[in-house]
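K.L.:
Let me give you the structure first, and then I'll get to my questions.
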Amino acid sequence: MNIKKFIDLASDFTFNKRKLIYEFGIVAWGSIFSIAFTFIGIKIISSKLGAESYGEISLYLTITMLVHLVFSGPFSGAIARFSSIAIHDRRFFKFESELIKFFIDTLKIALFLFIVAAVCLFNKSIQDYALLVIYSLLYSISYFVFTQVLAILGALRERFWVSFINILEKLFRFGLAYITIIFYNSNVKMVFLSFGVGLLLISITSCLIYYKLVREKIKKDTGTPEISLYKHELINYSLPFALFGIIIWLQNSSEKWFLDLFVGTKEVGIYSILNQVGFQTFVLLSGVITSMSTPIIFEKSSSISKKTAIRLNTLVTFFFIVIGIITIILSCYFGDDLIIIFSSSEFISKPYLLPIITISGVLFAIAQNISINYMILLKSKLLQYPKIISGIVGVFINYILTKSYGLDGLTFSILITNFLYLLILVIVQSYYLQEEIGD
């Protein structure tokens, strides 16, 4: 990409330079504090619990990941896109009313599952499992509401409130977990419950902020009420992500399950820290950048053209590549120090694996951003090919390499899976979407 083309792409983002600088400043500082509080929380929890207990709570969190990948993630992406369009078309409040109905239907299902689990508490033989289901429901539903409200605030470009709520979420979740560890002597199930309570508090707080401080600033509806079309598109857009979310959940969860099965729970704790410091750090950073860029990209897609939106997304992808290279270099030179800073010496048995996990995170983040091109063109169904193929292959590779080589094998399995995901994504885009994307 030559300098002139880069400047031309960047100019599409600077339609309001002052506003862009202001928003970038808020997102930058919000990201710094959010990521800082995340790692402070990880440091406190991992140091207090130790590697084995930290591995146990990581295994519990694989349950809640299913709800996130099947519901929270797909629908927050859809809501971010169609909220932006509804705001542009001056039909947001009609769209909002449909979202509320959808939330209520979701809560009814959760309430039914909660009642079933509560009844099971009377059976002592399955009491522990029933408690785990109840804790998981509390965590999952709270996280679902929290992510959907954040998606709406992001579409409204309320950068300050998005950053503020993200910081509060870390404070609530890790703060309550720390208090729980002190009072309940590092009881893992109680720490898991405290995560859910923290998310419940932040979901209530985010709803109050939206209704009391943000909603009144939205312009009244003037567009035609084509809600049935919005609802239909919302479901069509989300459904492919929800369906193959199960495959992705199996792939991600199998990493910890196989490690626990073939090596031990302590190794799960060590892997979780490596993953959070290497993989998740870059994914968090890229996610924040994406939350700022996607509303602008989707609005450009609606108001100007899809090709313009894709050009903007190309700029974001290029930015990810540059930041990714810097992150990988840092993990190579300061791996030992980073692990000790963000956990304790108990987790530093294999620091040489950190750069490999970091590369995996960079590949995944780049692939996720490229997938936005599919969303811009309303071709999200095509994402099933790279996600399902790489997910199924990933489960088998996780099994084979973890059984044979333990944590070292799992680390390379994750690298292979994410490279395969990116490769298939690019091939499918070149084959099916190149004509619509253009030069």
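K.L.:
Quick check: is even one residue across the stretch 41-52 assigned to a helix (DSSP H, G or I), within 16 Å of the chain's Cα centre (by Cα) and either under 30 Å from Ile218 (Cα atoms) or among the β-branched types (Val, Ile, Thr) (or both)?
P.N.:
No - not one qualifying residue is present in the stretch 41-52.
K.L.:
Within the stretch 141-162, track down each residue that is of a type in the set (A, V, I, L, M, F, W, C) and closer than 14 Å to Ser72 by Cβ.
P.N.:
Matches in the stretch 141-162: Ile141, Phe144, Val145, Phe146, Val149, Leu150, Ala151, Ile152.
K.L.:
Quick one: how many residues across the stretch 385-401 are within 12 Å of Ile246 (Cβ to Cβ) and crowded, with 17+ Cβ neighbours inside 10 Å?
P.N.:
Going through the stretch 385-401 one residue at a time, the tally reaches 4.
K.L.:
For Leu99, are the conditions met, namely being among the aliphatic types (A, V, I, L, M), over 16 Å from Val149 (Cα atoms) and in a helix (DSSP H, G or I)?
P.N.:
When the stated conditions are applied, Leu99 does not pass them.
K.L.:
Can you run down the residue pairs with Cβ atoms below 6 Å, 6 or more apart or on separate chains, where the first is in the stretch 232-249 and on the phi < 0 side of the Ramachandran plot and crowded, with 19+ Cβ neighbours inside 10 Å and the partner is modelled with pLDDT of 75 or more and aromatic (Phe, Trp, Tyr)?
P.N.:
Leu234/Phe82; Ser238/Phe75
K.L.:
Based on what the data block shows, is Ile209 in a helix (DSSP H, G or I) and either among the polar types (S, T, N, Q) or buried (at least 22 other Cβ atoms within 10 Å of the Cβ) (or both)?
P.N.:
It is false that Ile209 is in a helix (DSSP H, G or I) and either among the polar types (S, T, N, Q) or buried (at least 22 other Cβ atoms within 10 Å of the Cβ) (or both).
K.L.:
Can you tell me which residue within the stretch 38-93, out of those that are aromatic (Phe, Trp, Tyr) and modelled with pLDDT under 85, is surrounded by the most Cβ atoms within 10 Å (Cβ to Cβ)?
P.N.:
Residue satisfying both the conditions and the ranking: Phe82.
K.L.:
Listed residues Leu315, Leu363, Leu330, Leu383; which is over 26 Å from Arg81 (Cα atoms) and either in a helix (DSSP H, G or I) or within 20 Å of the chain's Cα centre (by Cα) (or both)?
P.N.:
Leu330
K.L.:
If we scan the stretch 330-337, do we find a residue that is acidic (Asp, Glu) and surrounded by fewer than 16 Cβ atoms within 10 Å (Cβ to Cβ)?
P.N.:
The answer is yes, given that some residue of the stretch 330-337 is acidic (Asp, Glu) and surrounded by fewer than 16 Cβ atoms within 10 Å (Cβ to Cβ).
The values are calculated or read from the model by the stated rules, or taken from the named source; none is laboratory data. None of the values given here were measured: they were computed from a predicted structure. Cβ coordinates were reconstructed from backbone atoms using ideal geometry, including for glycine residues, and neighbour counts include every protein chain displayed.
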